[in-house]
Amino acid sequence: MKERVKSLVKKFEARFGKSDEKLSVFFAPGRVNLIGEHTDYNGGYVLPFALQYGTLLLIRFNGLDQLRLSSVNFPYEGRIPVAESSKKIDQEWANYPLGVIQQFRPHLNGLKGMDMLYEGDIPNGAGLSSSASIEMVTACAINELYRLGWPMIELIRASKKAENEFVGVNCGIMDQYAVGNGKKDHAIFLDCDAVRHEWIPLELKDYRLIIANTNKKRKLSDSKYNERVEECAKAVSILKRFLDVRQLGQVSMADFETYQHKIPDETIRKRARHVISENDRVLRAVASMRRGDLAELGRLMDQSHESLRYDYEVTGHELDSLVEAARRVPGVLGSRMTGAGFGGCTVSILQKDQVETFRKQVHNHYMNKTGLIPSFYEGEVSNGVTSLQIP
């Protein structure tokens with residue numbers, strides 16, 4: 001990380017010049033969700049962990065009454081007057097920091113001009129929360145630069161609100177929460193309704209977590225993500241006539257089995273079945289991790305993918321092909337899509353001595369089925385957003 005920061009300082013000075021103003025550096029990870037997909041915005045349970053991959057931000061005040069936004073990963077460089085910085089622009093990545101800044105603006109004694117350079121090694125559009133990583137690294141930086149003293153939960157809420165209201169994606173709180181509260185060698189068992197968590201040790205021993213990227217790009221704001229949110233709301237509007245619930249995450253499997261026939265639309269019924277059964281799978285996954293039963297965790301991951309494929313219909317040919325290929329490799333305990341779907345990544349648990357076999361076999365099978373070349377990453381369970389020292 002030190003060498004990466006040193007290199008980024010040189011790029012920062014090349015773009016913005018040197019200054020007597022203090023230069024600060026922050027890092028926010030991406031995240032992988034082990035299980036509990038599309039449950040967060042339904043007030044359910046999720047089980048993510050923070051990745052070692054993430055976003056670096058170098059930032060300083062510039063005295064120019066301008067927000068100068070730049071990224072190593074994208075060509076757009078913004079020179080936005082502070083007075084005009086509350087508007088969404090047509091460069092997607094820049095709307096994430098702009099949206100976060102707007103959440104802080106009412107609490108500042110005037111927004112100052114800043115130079116901000118981002119660099120990320122999370123694959124863009126892969127479903128590993130590159131957007132939440134940008135949001136949370138920005139929130140952490142603004143909080144420290146302006147000495148606001150906001151607790152982590154408020155940084156998380158501000159980042160989520162920025163994505164909901166400024167960017168326009170109706171995401172739940174999981175991504176920002178996992179990025180903010182990651183803990184090395186632990187998964188985060190998060191109750192998205194109560195917004196409280198417990199760290200669960202993720203002891204892999206002779207196993208590894210491998211992330212496989214479909215390399216099929218997608219944008220959530222252009223996908224059916226918001227449509228799924230609306231479908232779940234329709235299911236709740238029916239079930240609340242018979243149950244004292246506000247969200248699908250409050251519905252037990254037993255109650256769903258009793259009242260599912262009250263939902264006349266088969267599609268809406270399937271959406272509800274996924275969320276409610278997935279919630280139950282998260283609880284069973286946590287229990288399996290507590291007793292060190294990775295084989296059961298793998299089986300639950302497999303079940304999760306099938307539910308996402310047939311009931312929630314968010315996988316698609318590419319994700320299904322990756323999962324199918326993974327399950328053929330000896331030593332794989334389980335494999336599933338992770339993230340919102342519609343492309344993105346899978347996560348698999350496999351024996352560490354099968355990693356190279358996995359890469360080769362899955363690569364060949366996937367390329368033959370889709371014509372696309374997958375990418376692979378070994379997931380390390382890491383800490384959340386933090387400030388760093390400049391070497």
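The values are calculated or read from the model by the stated rules, or taken from the named source; none is laboratory data. As the structure is a computational prediction, the values presented were derived from the model and not from experiment. Cβ sites come from the backbone with ideal geometry, for glycine too, and all protein chains shown count toward neighbours.
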Helices (runs of 4 or more DSSP H) contained entirely in segment 279-391, each with at least 3 residues that are hydroxyl-bearing (Ser, Thr, Tyr) and more than 30 Å from residue 173 (Cα to Cα):
355-370
Identify, by number, the condition in (1) farther than 22 Å from residue 387 by Cβ; (2) basic (Lys, Arg); (3) surrounded by 18 or more Cβ atoms within 10 Å (Cβ to Cβ) that residue 183 doesn't meet.
(1)
Among the residues of segment 285-331, write down those that are in contact with a Gly (Cβ under 6 Å, 6 or more places away or on another chain) and hydroxyl-bearing (Ser, Thr, Tyr).
315
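Conditions (1) surrounded by 15 or more Cβ atoms within 10 Å (Cβ to Cβ); (2) of a type in the set (D, E, K, R); (3) out of contact with any helix residue (DSSP H, G or I) (no Cβ under 7 Å at 6 or more places or on another chain); (4) farther than 30 Å from residue 244 by Cα, marked per residue:
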{"position": "308", "(1), (2), (3), (4)": "yes, no, no, no"}
{"position": "316", "(1), (2), (3), (4)": "yes, no, yes, yes"}
{"position": "321", "(1), (2), (3), (4)": "yes, no, no, yes"}
{"position": "331", "(1), (2), (3), (4)": "yes, no, no, yes"}
{"position": "335", "(1), (2), (3), (4)": "yes, no, no, yes"}
{"position": "350", "(1), (2), (3), (4)": "yes, no, no, yes"}
Among the residues of segment 1-47 satisfying the criterion of being surrounded by 22 or more Cβ atoms within 10 Å (Cβ to Cβ) and of a type in the set (D, E, K, R), which is farthest from residue 123 (Cα to Cα)?
40
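Which one of these is under 17 Å from residue 45 (Cα atoms), out of contact with any helix residue (DSSP H, G or I) (no Cβ under 7 Å at 6 or more places or on another chain), at pLDDT 95 or above and of a type outside the set (Gly, Ala, Ser): 257, 198?
Sole residue among the options that is under 17 Å from residue 45 (Cα atoms), out of contact with any helix residue (DSSP H, G or I) (no Cβ under 7 Å at 6 or more places or on another chain), at pLDDT 95 or above and of a type outside the set (Gly, Ala, Ser): 198.
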Selection within segment 74-131 - surrounded by fewer than 20 Cβ atoms within 10 Å (Cβ to Cβ), in a helix (DSSP H, G or I) and among the aliphatic types (A, V, I, L, M)
82, 83
